[in-house]
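Single-structure report; data block below.
What follows draws every value from the coordinates through simple rules; no lab data is involved. Being a predicted model, the structure only gives us computed values, none of them experimental. Backbone-built Cβ (ideal geometry, glycine too); neighbour counts: all protein chains shown.
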Amino acid sequence: MKGYFLLQFKMLNRSLTAFGFPPLLAYILLPVCFVGLSGYLFSKTEFAEYIFLLLAFALLSKQTGRKRNEFLKSCFTRTDYIKLRLLENFVLMLPFAMYLIFAKAAIFVIPLVVIAIVFVFITNNTTIQFTIPTPFYKKPFEFSVGFRNTFFFFPIAYILTYIAVSEGNFNLGLFSIILVFLVAMSYYSKLENEYYIWSYSLSSNLFLIEKIKTALGYITVLVLPILITLSIYFTTELTTLFTFLLIAYAYLITVILAKYTVYPNEMNIPQGILIAISLLFPPILIGIIPYFFFQSKKRLTKLLP
Amino acid sequence: MIKIEKLSKQYGQIQALKSVNVTFEKGKVYGIIGENGAGKTTLFRCIAGLEKYDGQVTSDFKNLKNHLGFLMTEPFFFSKITGTEYLRLLGNARNIKTLNIQENNVFDLPLSQYASTYSTGMKKKLALTAILLQGNACFILDEPFNGVDIESNILIVEIIRTLKALGKTVLIASHIFSTLAETCDEIHLLEKGELIKTVVKEDFEKLEHEMRDVTIGNRIEKLNIT
């Protein structure tokens, strides 16, 4: 079992190095970022504990993959497997638990521990025959696949909008828009197999435009209920709302393009830094988007001449 | 028509293809055979434009890849994409507006299920259906019979014959000689990245015997099976 965790540690180091992060630096920066972002979240919303639980839930559920667990079961005895999975889940939930205690919300550690234990015995059986319906079936794949993986986020976002309206909290309404956009952005985090790009009889230029068009159309469908609700109940904030929406669209375009700027490699530090700068100073997106577009176009020309 | 001239490909120190010269005509079916690592898939990837190479690949089309259906040895599927969506995705990629997916489901695949849950043979059949629906002029079929059931095997052979009759160019790599003999007009033997032999239909039987002799040799005796 010790060997397994050592191997995990090595794999993590390799991933960090491949991402362009020296592991040592990452081990210093990651906790700092975690604490910083958590602090920000807790200062901005009273629902931070629930969002924390949701994040932990998403992280722990990632460990329940069928293939992964079947492999572990075939390598270890039943007892060792349970010990290993428990340890794994507790390591993952530890930062969340510690912060919750620090934020005087220790009561939320209990459901966290329960999730960590329950998930040891749950395997995400991807071979089940039930297909989750998606409204985005006409233009696969990012939104159709992504929606199936994250559909539960949307009712949460709509509930947050409802709370925002009933509590008269416009910022919470904006947060629900952020949530929808963040979820949609995650659909573009993974690189697709080259075959799915190669198959297109489009130039790299048109391919990128097509991707952006589809994403903007589909995200509008998802965000429209929130937008209409907020427009009706916060009539004095319309300018803020639509400016905010425009910026959110710009970020989505940036993320889509960032994925292809170094294709077939994963997004790297320079792109990450540019996106981070744009978070601090959104007008820079006016320059970043054309730059990413040009870089992506160049990268895709090999597959889409 | 696809014309390949002096096609070479190197991966680091490994010379995967050495100055390959061959022409694939319209309305003909070509088999590419060779042992594992001989360069079959690399040749296909070069033709498809998925690899950089030295030499030339020319065709009747300005951009061959837009008229090429490539069935890969192991087609890749996203984890939560249904069979229907996969067909639609590849149809959209080639701007095919109207797809009668249910009617075209000749392999009776469970299209409403996630493609990633399909068996190896079903995945192959889905990927094959997709490239057929694209209406391509040229086809590269890398191991199309792998893991496929006997009924589908028969159907695929008939599909290849139909493609030939329609004037399409078809390249097949397969380790199952009988299916190649059934469908191909010519078979090219690839060895360590070089095309060492081209055999026409009349000599297929001879080629099979030769390969059998070379491959088997005295290896069975060496096993000392008792």
> With each label point set 7 Å from Cα along the Cα-Cβ vector, what nm distance links A:Phe242 and B:Ser119?
Replying inline: 5.8 nm
> Using the alpha carbon gyration tensor of the stretch A:202-257, what are the three equivalent-ellipsoid semi-axes (square root of 5 times each eigenvalue), largest first, in whole Å?
Replying inline: 28, 11, 7
>> What is the ratio of the Cα radius of gyration of the stretch B:101-156 to 2.2 N^0.38 Å, with N the residue count, to two decimals?
In response: 1.08
> Considering only the protein assembly as shown, what is the antiparallel percent among its DSSP beta bridges, to the nearest 5?
Replying inline: 50 percent
>> When 1/r is averaged over all different Cα pairs and the result inverted, which Kirkwood radius in Å belongs to chain A?
In response: 21.7 Å
>> Sort A:12-21, A:194-203, A:138-147 by packing, meaning the average of other beta carbons within 10 Å per residue, with the highest value first.
In response: A:138-147, A:194-203, A:12-21
> With all pairs of different alpha carbon atoms counted, what Kirkwood hydrodynamic radius in Å does the stretch A:2-118 show?
Replying inline: 15.8 Å
> Can you pull the mean other chain C-beta count within 10 Å for peptide A:199-206?
Replying inline: 5
>> One quarter of the convex hull surface, Cα atoms only: what value does that give for the stretch B:1-156 in nm²?
In response: 10.1 nm²
> If you average the sequence gap of Cα pairs under 8 Å that are 6 or more apart and divide by the length of chain A, what percent do you get for the contact order?
Replying inline: 16 percent
> Tilt of helix B:83-93 relative to the longest C-alpha principal axis of chain B, in degrees (0 to 90, nearest 10)?
Replying inline: 80 degrees
> Across every pair of different alpha-carbon atoms, what Kirkwood hydrodynamic radius in Å does the stretch A:130-191 reach?
Replying inline: 12.5 Å
> Tell me, what is the Rg over Rh of the stretch B:105-226, with Rh the Kirkwood radius over Cα pairs?
Replying inline: 1.04
> So for the pair B:Ser112, A:Lys10, with labels modelled 7 Å out along Cα→Cβ, what separation do we get in nm?
Replying inline: 4.7 nm
> Sorted by mean Cβ packing within 10 Å, highest first, what order do the peptides B:41-48, A:216-223, A:229-236, B:141-148 take?
Replying inline: B:41-48, B:141-148, A:216-223, A:229-236
> Running Debye on the protein assembly as shown with equal point scatterers at the Cα sites and no solvent, what base-10 log of I(q)/I(0) appears at q = 0.09, 0.10, 0.12 Å⁻¹?
Replying inline: -0.83, -0.99, -1.29
> When Cβ neighbours within 10 Å are restricted to other protein chains, what is their mean count per residue of peptide B:40-49?
Replying inline: 1
> Averaged over peptide B:79-90, how many Cβ atoms belonging to another chain are found within 10 Å of each residue's Cβ?
Replying inline: 6
> What is the projected area of the convex hull of the Cα atoms of the stretch A:142-300, averaged over all directions, in nm²?
Replying inline: 9.4 nm²
